[in-house]
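Asker: Sharing a structure with you now.
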Amino acid sequence: MTTARIDTQHAIVAPHALLPGGWARDVLLVWNAAGALIGVTPDAAGISGVQRAPGLVLPGMPNLHSHAFQRAFAGLTEYRADPNDSFWSWRDLMYRFAAALTPPTLEDIATQLYIEMLRAGYTSVCEFHYVHHDPQGKPYFEPAEMALRLAAAAKRAGIGLTLLPVLYQTSGFGNKPPLAAQRRFINDVDALLRMVERLHASDACVGLAPHSLRAVPPEALADAVQGLHAMDAKAPVHIHIAEQQREVDDCVAWSGRPPVQWLFEHANVDDRWCLIHATQVDPTELRDIAQSGAVAGLCPSTEANLGDGVFPADAYLHARGAWGIGSDSHACVDVAEELRLLEYSQRLTRQRRNVLASAELPDVAQTLWLGAVQGGARASARPVAGLAIGQRADFVVLADDGTMQGLQPQQVLASHVFARHPQTHLREVWVGGQRRIEQGRHALGDDAQARFVAARTQLLAQA
């Protein structure tokens, strides 16, 4: 290969890069004007005239589950207002913030959040979006106004986006009418599908999210998925499933089946689906998820924050199930911490170490990073599955504060995931071949932060 064939503005040499098959040295990454990788060449040390990455290069991480507006009250619900404080009491506080949102405040919150995601190593995000209407529950003049604000925020920040407008109709199993606090979420199937169609005109990948079995009656679930796939046969479907034991108990009381079992008996769950949380599952349900090709959407920091429970990741990985990570309520926006919490939760319940490794894949950090990238890409329905030809040129460069000298690449990654200190960070983050984070900073960082603080102040005054 010669530099005469390389556009040096669309190329970089990584001293070490984590490819789908493992670590490689002196990897030449080349992408086209559209941001897709057209060359991934190891052992390219002799290439001249091409910039060299200032550290180890990792594939960018897809964030498969986000409620952007919840960033505004992250950390503000950590007081006990109820002796039995739980997800359900937290939800009441969340509704108060949702009621006060405006299109501009949502865009400002999301822009700050997406910049934070980039700084943390996320290069794309699946936005599970359910605040559709005005505070009175009436559609905006542009029914997709709020979703389009999220798309605008993603474009400003420079993060890849999969938009998942949420179908929400009931407050509980058995067609219980929606609560007054849920009025901004409610749509019929036809209205939501029109929103999906409208969003196809944006730059985002678009799917659909039936909120949960408690919020979407069976007929509406079937009609929504059928309508979505009539428009786009490959579109992703995300759903909250079996997050809380109360949810499981209510589903059993309604149908005689726990949520995952009911879903598999009534829907064609395949690799287009992402089942969010699934913390309350039995071995049979776990096997069904793994065999279906669906992605288990895990959000360890939020699941810990809300007391959801621990997903049985050890058994699931043993069954070769697909999985990815999300920041959900944004109690934490940090790729490394989500992976660390996933492994540590298994250690605490199993009382042993390095649980999510195997004889075949003994390096825990590498196994987790690559597994989350693969599953996150499937859930995103975008070509973001790592450093390979045809995938997006989404990658991150680890900072080296001098303490990593003398370590092998796999040891540096393990240190980043399991022994990271506050002063360490990602040095650069590239999305579609464009550098969005340099020296740990984003070009819009100061302005976005000021707008976020103003938006949060406004919401706190009204919530």
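The values are calculated or read from the model by the stated rules, or taken from the named source; none is laboratory data. Remember, it's a predicted structure, so these values are computed and weren't measured experimentally. Glycine also receives a Cβ, built like all others from the backbone with ideal geometry; neighbour counts cover every protein chain displayed.
Asker: Restricting attention to helices (runs of 4 or more DSSP H) lying wholly within the stretch 305-382, give those where 2 or more residues are free of Cβ contacts under 8 Å to residues at least 40 places away in the same chain.
Answerer: 313-318, 335-350
Asker: Can you tell me which residues in the stretch 263-283 are aromatic (Phe, Trp, Tyr) and either surrounded by fewer than 21 Cβ atoms within 10 Å (Cβ to Cβ) or in contact with a Cys (Cβ under 7 Å, 6 or more places away or on another chain) (or both)?
Answerer: 264
Asker: Can you tell me which of (1) closer than 18 Å to residue 247 by Cα; (2) surrounded by 23 or more Cβ atoms within 10 Å (Cβ to Cβ); (3) of a type in the set (A, V, I, L, M) is the one residue 286 doesn't meet?
Answerer: Here residue 286 clears every test but (2).
Asker: Assigned by TED's automatic domain parsing to the domain that holds residue 129, touching a His at 6+ places or on another chain (Cβ under 6 Å) and either part of a helix (DSSP H, G or I) or not small (Gly, Ala, Ser) (or both): does that describe residue 219? Write out each step before concluding.
Answerer: Working: assigned by TED's automatic domain parsing to the domain that holds residue 129: yes; touching a His at 6+ places or on another chain (Cβ under 6 Å): no; either part of a helix (DSSP H, G or I) or not small (Gly, Ala, Ser) (or both): yes.
It is false that residue 219 is assigned by TED's automatic domain parsing to the domain that holds residue 129, touching a His at 6+ places or on another chain (Cβ under 6 Å) and either part of a helix (DSSP H, G or I) or not small (Gly, Ala, Ser) (or both).
The rows are residues; the columns are (1) farther than 22 Å from residue 375 by Cβ; (2) modelled with pLDDT of 95 or more.
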| residue | (1), (2) |
| --- | --- |
| 114 | no, yes |
| 132 | yes, yes |
| 145 | yes, yes |
| 151 | yes, yes |
| 163 | no, yes |
| 180 | yes, no |
| 192 | yes, yes |
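Asker: Being surrounded by fewer than 22 Cβ atoms within 10 Å (Cβ to Cβ), of a type outside the set (S, T, N, Q) and at negative phi is the requirement here; does residue 201 meet it?
Answerer: Yes; evaluated as a whole, the condition is true for this residue.
Asker: Continuing with the same structure: Here is a list: 380, 345. Which entry is hydroxyl-bearing (Ser, Thr, Tyr), touching a Pro at 6+ places or on another chain (Cβ under 7 Å), more than 24 Å from residue 431 (Cα to Cα) and buried (at least 17 other Cβ atoms within 10 Å of the Cβ)?
Answerer: After applying the criteria, what remains is 345.
Asker: With the structure loaded, tell me whether residue 390 is closer than 30 Å to residue 76 by Cβ, surrounded by fewer than 21 Cβ atoms within 10 Å (Cβ to Cβ), of a type outside the set (Val, Ile, Thr) and touching a residue at least 60 places away in the same chain (Cβ under 8 Å) or whether it fails that test. Before the answer, list the steps.
Answerer: Numbers: closer than 30 Å to residue 76 by Cβ: no; surrounded by fewer than 21 Cβ atoms within 10 Å (Cβ to Cβ): yes; of a type outside the set (Val, Ile, Thr): yes; touching a residue at least 60 places away in the same chain (Cβ under 8 Å): yes.
Considered against the rule, which asks whether it is closer than 30 Å to residue 76 by Cβ, surrounded by fewer than 21 Cβ atoms within 10 Å (Cβ to Cβ), of a type outside the set (Val, Ile, Thr) and touching a residue at least 60 places away in the same chain (Cβ under 8 Å), residue 390 comes out as no.
Asker: Have a look at 307, 402 and point out the one that is over 14 Å from residue 64 (Cβ atoms), assigned by TED's automatic domain parsing to the domain that holds residue 29, surrounded by fewer than 17 Cβ atoms within 10 Å (Cβ to Cβ) and of a type in the set (Gly, Ala, Ser).
Answerer: Sole residue among the options that is over 14 Å from residue 64 (Cβ atoms), assigned by TED's automatic domain parsing to the domain that holds residue 29, surrounded by fewer than 17 Cβ atoms within 10 Å (Cβ to Cβ) and of a type in the set (Gly, Ala, Ser): 402.
Asker: Sticking with this structure for a sec: Take residues that are touching a residue at least 60 places away in the same chain (Cβ under 8 Å) and aliphatic (A, V, I, L, M) and tell me which of the helices (runs of 4 or more DSSP H) falling wholly in the stretch 98-216 contain 3 or more.
Answerer: Details: elements: 103-120, 145-157, 189-199.
Fully inside the stretch 98-216 and qualifying: 103-120, 145-157.
Asker: Consider residue 260 carefully, then state whether it is crowded, with 20+ Cβ neighbours inside 10 Å, closer than 24 Å to residue 317 by Cβ, in the same structural domain as residue 163 (by TED's automatic domain parsing) and modelled with pLDDT of 95 or more.
Answerer: yes
Asker: Taking the condition closer than 30 Å to residue 446 by Cα, in the same structural domain as residue 273 (by TED's automatic domain parsing) and surrounded by 22 or more Cβ atoms within 10 Å (Cβ to Cβ), does residue 157 pass?
Answerer: Yes; evaluated as a whole, the condition is true for this residue.
Asker: Hey, does the stretch 226-249 have a residue that's in a loop (DSSP other than H, G, I, E, B), modelled with pLDDT under 95 and either within 21 Å of residue 98 (Cβ to Cβ) or aromatic (Phe, Trp, Tyr) (or both)?
Answerer: Yes, that holds for at least one residue.
Asker: Still on this structure, I have one more. Quick one: residue 236 ticks every box in (1) in contact with a helix residue (DSSP H, G or I) (Cβ under 7 Å, 6 or more places away or on another chain); (2) free of Cβ contacts under 8 Å to residues at least 60 places away in the same chain; (3) surrounded by 24 or more Cβ atoms within 10 Å (Cβ to Cβ) except a single one, so which number is it?
Answerer: For residue 236, the exception is condition (2).
Asker: Something else: Mind listing whichever residues of the stretch 48-65 are in a loop (DSSP other than H, G, I, E, B) and either of a type in the set (S, T, N, Q) or without any contact (Cβ under 8 Å) to a residue 12 or more places away in the chain (or both)?
Answerer: Correct list: 48, 51.
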